[in-house]
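Participant: Below are the structure tokens for one structure; questions will follow.
The values are calculated or read from the model by the stated rules, or taken from the named source; none is laboratory data. In this text the structure is predicted, and so the values were computed from the model without any measurement. All Cβ positions, glycine included, derive from the backbone under ideal geometry; neighbour counts span all protein chains shown. Surface accessibility is based on the protein's heavy atoms, side chains included, excluding ligands, DNA and RNA. Shrake-Rupley method; radii C 1.70, N 1.55, O 1.52, S 1.80 Å.
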Amino acid sequence: MAASTSKPHAASSGETSKECITFNSLGVVDVLCEACEKLKWKSPSKIQAESIPLALQGRDIIGLAETGSGKTGAFALPILQALLDTPQRLFALILTPTRELAFQISEQFEALGSTIGVSCVVIVGGIDMMTQALQLAKKPHIVIATPGRLVDHLENTKGFNLRALKYLVMDEADRILNMDFETEIDKILKVIPKQRKTYLYSATMTKKVAKLQRASLQDPVKVEVSTKYQTVDKLQQFYIFIPAKYKDCYLVSILNELAGNSFMVFCSTCNNTQRVALLLRNLGFTAIPLHGQMSQSKRLGTLNKFKAKSRSILIATDVASRGLDIPHVDCVVNFDIPTHSKDYIHRVGRTARAGRSGKAITFVTQYDVELYQRIEQLIGKKLPLFKTEEEEVMMLMERVSEAQRYAKMEMKDTDDKRKGRGKGREAEEDSEDFMGVRKKMKVKHKGKR
């Protein structure tokens with residue numbers, strides 16, 4: 001990377017006039033303001049209010065903002081407005097760390113640009129290269145991609161290039177770099193025009209992000225609406241201290257106690273995510289897993305079911321902790337405590353979004369005390385204890401133990417089938433047919449669901 005010596009100008013959140021409370025007053029054209037109204041975006045978020053006027057002036061931007069702050073709108077609106085002024089194919093490239101986030105960004109671009117005929121294509125792994133090559137051949141206006149798959153197309157798809165590109169966005173830049181996409185980013189920067197507008201959005205300003213900023217932005221303005229790690233005011237945060245062997249019982253107890261809410265339950269591994277989902281399904285809960293070992297179509301299917309509220313409990317790894325906007329999450333449960341304290345911020349940011357309230361409950365076992373203390377130090381507050389009745393929780397032990405056994409058997413069966421087939425299809429993560437297991441259990445479910 002050839003580093004630029006220019007330093008970013010800073011724009012603090014106090015510089016924007018408090019009267020700038022509408023998208024129209026920020027300089028957004030009427031047709032896009034109407035699109036915002038249809039999406040029920042009543043007024044700009046802090047990051048949008050700060051960055052949109054600067055972007056419309058043609059400045060490169062480094063945006064630092066907490067998760068759930070409206071970053072997608074902050075870069076999508078200026079790009080769509082510029083596209084209206086100078087219509088062109090392959091106009092903008094948005095790089096993002098995960099497949100799910102790429103599809104979500106595409107949905108927002110299509111929703112905002114629905115009345116102006118914007119075409120988008122998502123280029124991520126897990127989908128057939130030839131199908132994507134045909135989509136790219138139609139020259140869409142906006143390409144949303146993960147870095148690895150985009151480089152595959154730049155190197156192998158005949159006729160595809162980004163030499164006419166006008167806008168580059170790197171969303172969740174800190175995570176792109178943490179996932180070791182530096183080589184791919186270098187390759188992409190070498191084949192796109194140097195004369196372009198660049199927006200770099202990140203939750204944190206790490207050394208790697210600073211290096212990327214120097215290499216890819218020209219005289220940027222730094223927009224920072226959150227100076228420290230923090231969680232939103234309307235989020236009620238709790239911890240629960242329990243022996244590790246009773247975690248499943250306490251999870252079932254909390255899901256019963258807060259029945260009627262929608263939950264995201266975070267686990268540390270794909271295997272545990274799958275196990276907990278099976279355990280809960282065997283007990284009659286509408287739980288569904290989301291993790292990196294699932295096929296892309298199943299991952300999207302899972303998200304769609306949860307968004308459509310046909311499933312009320314999403315069990316996920318950190319693949320779902322960043323960027324995903326699922327408006328109706330009432331409660332986040334950290335079933336496994338995050339190893340990196342910053343991931344706590346991103347996980348609990350899945351609830352209490354856009355002014356709504358929400359709960360976050362973190363399980364702390366005898367092995368997690370140090371990790372938990374780091375989280376309290378990071379967020380600058382001591383969390384209250386989530387009150388539970390131990391006797392009531394222990395009454396669930398027999399049912400939960402039986403469900404654990406059947407979940408274990410089911411995972412073993414799936415594993416045996418996969419080994420037997422060699423390169424077979426992945427197990428059905430969300431099979432509708434759990435009736436056989438339930439019949440074996442002969443459990444009559446009592447209480448709320």
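Participant: Which condition does residue 181 not pass, out of (1) modelled with pLDDT of 95 or more; (2) buried (at least 16 other Cβ atoms within 10 Å of the Cβ), if it passes all the others?
Facilitator: Every listed condition holds for residue 181 apart from (1).
Participant: State which residue is farthest from residue 316 (Cα to Cα) when the search covers only region 252-270 and only residues that are part of a helix (DSSP H, G or I) and open to solvent by 30 Å² or more (accessible area, probe 1.4 Å).
Facilitator: To start, the set of residues in region 252-270 that are part of a helix (DSSP H, G or I) comprises 252-257, 270.
Of the ones still in play, those that are also open to solvent by 30 Å² or more (accessible area, probe 1.4 Å) are 257, 270.
On the way: 257: 21, 270: 8 Å.
Per the stated criteria, the residue is 257.
Participant: While we're here: Which ones in region 152-171 are open to solvent by less than 10 Å² (accessible area, probe 1.4 Å) and touching a helix residue (DSSP H, G or I) at 6+ places or on another chain (Cβ under 7 Å)? Spell out how you get there, then give the answer.
Facilitator: Restricting attention to region 152-171, the residues satisfying the condition of being open to solvent by less than 10 Å² (accessible area, probe 1.4 Å) are 153, 162, 165, 168-171.
153, 162, 169, 170, 171, listed by residue number.
Participant: Under 6 Å between Cβ atoms, at least 6 apart or on separate chains: pull out the pairs that start in region 73-85 with a residue that is modelled with pLDDT under 95 and end on any residue that is in a helix (DSSP H, G or I) and of a type in the set (Phe, Trp, Tyr).
Facilitator: none
Participant: So which residues in region 98-132 are open to solvent by 20 Å² or more (accessible area, probe 1.4 Å) and in contact (Cβ under 8 Å) with a residue 24 or more places away in the chain?
Facilitator: Once the filter is applied, which keeps residues that are open to solvent by 20 Å² or more (accessible area, probe 1.4 Å) and in contact (Cβ under 8 Å) with a residue 24 or more places away in the chain, region 98-132 yields 99, 103, 108, 111, 114, 115, 116, 118, 120, 126, 127, 129.
Participant: Considering only region 134-148, state which residues are open to solvent by 20 Å² or more (accessible area, probe 1.4 Å) and aliphatic (A, V, I, L, M).
Facilitator: 134, 137, listed by residue number.
Participant: Within region 353-378, track down each residue that is open to solvent by less than 10 Å² (accessible area, probe 1.4 Å) and either within 24 Å of residue 70 (Cβ to Cβ) or at pLDDT below 85 (or both). Before the answer, list the steps.
Facilitator: The initial filter retains those residues of region 353-378 that are open to solvent by less than 10 Å² (accessible area, probe 1.4 Å), namely 358, 360-365, 375.
Hits for region 353-378 are 358, 360.
Participant: Which one is modelled with the highest pLDDT, of the residues in region 327-352 that are more than 12 Å from residue 375 (Cα to Cα) and surrounded by fewer than 18 Cβ atoms within 10 Å (Cβ to Cβ)?
Facilitator: Selected residue: 330.
Participant: Still on this structure, please answer the following. Need pairs with beta-carbon distance below 9 Å; first residue of a type in the set (S, T, N, Q) and within region 379-395, second not in a helix (DSSP H, G or I); sequence gap 6+ or separate chains.
Facilitator: 388/240; 388/242
Participant: Among what's in region 240-249 and is touching a residue at least 12 places away in the same chain (Cβ under 8 Å) and more than 16 Å from residue 281 (Cα to Cα), pick the residue that is most open to solvent (accessible area, probe 1.4 Å). So that I can check it myself, show each step before the final result.
Facilitator: Going residue by residue through region 240-249, those that are touching a residue at least 12 places away in the same chain (Cβ under 8 Å) are 240-244, 246-249.
Narrowing further to those that are more than 16 Å from residue 281 (Cα to Cα): 240-244, 246-247.
Working: 240: 3, 241: 119, 242: 4, 243: 57, 244: 34, 246: 56, 247: 29 Å².
The residue in question is 241.
Participant: Could we say that residue 109 is touching an Asp or Glu at 6+ places or on another chain (Cβ under 9 Å) and not in a strand (DSSP E or B) here? Reasoning before the result, please.
Facilitator: Details: touching an Asp or Glu at 6+ places or on another chain (Cβ under 9 Å): no; not in a strand (DSSP E or B): yes.
No.
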